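The values are calculated or read from the model by the stated rules, or taken from the named source; none is laboratory data. Here the structure is a predicted model, which means the values were calculated and not measured. When we count neighbours, we look across all protein chains shown, and the Cβ atoms used for this are built from the backbone with ideal geometry, even at glycine. For accessibility, only protein heavy atoms count, side chains too; no ligands or nucleic acids. Shrake-Rupley method; radii C 1.70, N 1.55, O 1.52, S 1.80 Å.
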Amino acid sequence: MTDTGNRLRKQLESANFDPKQYVKQLSQQSDGDRDLQEHRQKIQTLADETAQNLKKNVYKNYRQFIETAKEISYLESEMYQLSHILTEQKSIMESITQALLSTDKDEAAKEMQAAFPKETEEVKQRTLTTLLEKVEGCKNIMETPGRYLVYNGDLFEYDVDNMSQIQKVHAFLMNDCLLIATWLPNRRGAVRYKYNALYDLDSFAIVNVKDNAPMKDMFKILMFPDSRIFQAENSKIKKEWLEILDETKKNKAIKERHKKEEEPPHSPVRQDMSSNPFDEDEEVVCEEIVDLSMEWIQELPEDLDVCIAQRDFEGAVDLLDKLNEYLKDQPLTQPVKGLKVKVEERVRQLTEVLVFELSPDRSLRGGPKATRRAVSQLIRLGQSTKACELFLKNRAAAVQTAIRQLRIEGATLLYIHKLCNIFFTSLLETAKEFEMDFAGNTGCYSAFVVWSRSAMKMFVGAFSKQVFDSKESLSTAAECVKVAKEHCKQLSEIGLDLTFTLQSLLVKDIKAALQSYKEIIIEATKHRNSEEMWRKMNLMTPEALGKLKEEMRNCGINSFDQYTGEDCWVNLSYTIVAFTKQMMAFLEEGLKLYFPELHMVLLESLREIILVAVQHVDYSLRCEQDSEKKAFICHNASFLYETVLPVMEKRFEEGVGKPAKQLQDLRNGSRLIRVNPESTMSVV
């Protein structure tokens, strides 16, 4: 950069730079536009250089920015850990202080009890009894020995979701529980309140709710997975409730801990060496001591609560497995029973959370793999049956939602392709995931088979609604059924064959479609028969004749050339040719839809359609007086019996694997008499 540029840069970077004064001086010193343009060019060059240097510095320090961000993140996590450690230290110091204070209080209480034995507790119990006489439905509360009143007062309860006031309540805090009673609108004598709920002090936590006008002086009681919000009359009463609740909970915990510590240890009773070792009538009672003083066992209930709150389901189940392994060969002593009661409550809470994770109300995205975590933990908890039921319900809801969200647009066959792809892919993924999750629970496989049948019913419902209820053509229906069968065969790779289920669910609709299309063909044939003039067909152009020959070859009639004449004439009537094409098309579509349950339905439909044509030919022979037309009718009858019907029988047997006995009987039961002007045709 030149000296002029450096001076300009220093001038612009100076702290006391004034843009207006600078422009004013520049205008006075310039001789004309040329000087201003040059100066403008210098400033622009300086701006470009500055921007380029800035980019270089950004690229140069980019890695340092990333490393700094990482360091900040690490520092933040360490600060969180430090805060957590300080909180734990604070709680430990408070517990130590409380323990020391409680020791002094206990000594003072013992002295007071020595001077005034049981007076205070009895007074508190009498006060509680007097108050509870005003509460309807809580006669059994005083049956617990040693229960007395600590604090009570009126509160207002609010809805947790929309923070609207629900009711006015009166709370009774006792030394081991909290009673919530609602106000009675119509007082009956001394009774003022009605029993609402009773909570053990160990079953809930107290949370202070931050004031947010107009919602003030509130606190929340958490009873997993529910919660309730109460409002005090003022901040002073709220503070009293929070302090007394916290102190009462701590006092109960300390009292229980002291009670456990004061219990005399159970020493094993040793066998008296002077006793007779051969005396089998005497039993030696030996009670073992189970060591529950280890830190991880003492903190197990709280650790389980933390794992459930943090959704660390695997960690919670690992802790339970560790405890079960430790207690596997231990005797069931009273402390073990108490520990198991606490743990079983956490297991119930964990099960409820896992059940909620698998409920259909949760998000269904992610496919079957998204349920693997909850399912595996339920199985580890010994809830394989419930896990199987919830997993299948979740997948049924997912499949139903996917089918419902499929847009019905375009051709029916295109929709069926999409429907089959969605359903059978989901079914295949569900089967693979089920096999992976429940590999060691063979008893659940029957439930999966039942579920897959019900899922198939749901699929067939959507399939039939689009294919059969919308009155699609038989050819479209046949193609759609063919697509469904092909997709169904894909399930055989996992050993699941639902082809029979699919056929049994579709048989009613396919039967109705065959009979409906049969009626359409019969009506069309009768309509053509009513206009029959028994004349040869003139196709006018060789292209049209070639097209007809190709259609007949596609129908399986390879000898059609012998029925064509010179130029573009065909020695058959239009009615017989149209009947042949329609009849062969019906046979082909019927074979696509065929399965054993439809054997007689298809045969009877073919027989009824053929009878319409045969009866028309017979009637025409009987009524026709012109010998030339009679010969032409006999020629058409010969084509029908000697060419069309054998081709139909052969094609039916190829497609089904069985001979068409009814069609053979129909052909053999009819007799074609010698073709001459006097000939007739009888149909039996």
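Here are a few things to note about the model shown:
- Of all lysines in the structure, the ones whose alpha carbon falls short of 25 Å from that of Lys24, not counting any fewer than 8 places away in one chain, are Lys10, Lys42.
- Furthest towards positive pole of dipole, Phe560, Val160, Tyr80, structure part the chain, Cβ charges: Phe560
- Average accessible surface area per residue within the chain, 1.4 Å rolling probe, Å²: 62
- For the chain, size of Cβ-based charge dipole, Lys and Arg +1, Asp and Glu -1, in debye: 3020
- Entry for percent of Cα pairs over 41 Å apart (calculated from the structure that is shown) out of (1) 51; (2) 65; (3) 35: (2)
- Of the GluC sites (Glu not before Pro) found in the range 159-261, those that fall in a DSSP loop while having at most 12 other beta-carbon atoms within 10 Å are Glu233.
- Of the accessible area of the chain, computed with a 1.4 Å probe over protein heavy atoms only, carbon and sulfur atoms account for 51 percent.
- In the complete set of protein chains, residue-level accessible area for Met436 is approximately 120 Å², probe 1.4 angstrom.
- Longest exposed-site-free window of the chain, the sites being chymotrypsin sites (Phe, Trp or Tyr not before Pro) in a DSSP loop that have at most 14 other C-beta atoms within 10 Å: 279-684
- Under the combined filter of DSSP loop state and at most 11 neighbouring Cβ atoms within 10 Å, the range 503-604 retains these GluC sites (Glu not before Pro): Glu531, Glu566.
- If you sort the three axes of the alpha carbon gyration tensor as a ≥ b ≥ c, you get a/c of 1.5 or more for the range 121-258 and a/b no higher than b/c, which makes it oblate.
- The coefficient of translational diffusion for the range 301-357, derived via Stokes-Einstein from the alpha carbon Kirkwood radius under 4 °C and 1.567 mPa s, stands at 110 µm²/s.
- Shape category assigned to the range 534-674 from the gyration tensor of Cα positions, a/c cut at 1.5: oblate
- Under 25 Å from the Cα of Lys661 - lysines, other chains or at least 8 residues apart: Lys508, Lys511, Lys518, Lys581, Lys592, Lys650
- Centroid-to-centroid separation of the range 632-647 and the range 14-83 [C-alpha atoms, Å]: 99
- Fraction of beta bridges assigned by DSSP in the chain that are antiparallel (%, nearest 5): 95
- Pairs exceeding a 22 Å alpha-carbon distance, out of Lys194/Lys236; Lys20/Lys55; Lys457/Lys482: Lys194/Lys236; Lys20/Lys55.
- The trypsin sites (Lys or Arg not before Pro) of the range 371-448 that meet both conditions, a loop assignment by DSSP and at most 12 other Cβ atoms within 10 Å of the site Cβ, are Arg407.
- What separates the Cα centres of the range 175-242 and the range 420-460 is a distance of 48 Å.
- Size of electric dipole in the range 478-634: Cβ of Lys, Arg +1 and of Asp, Glu -1, about Cα centre, debye, nearest 20: 160
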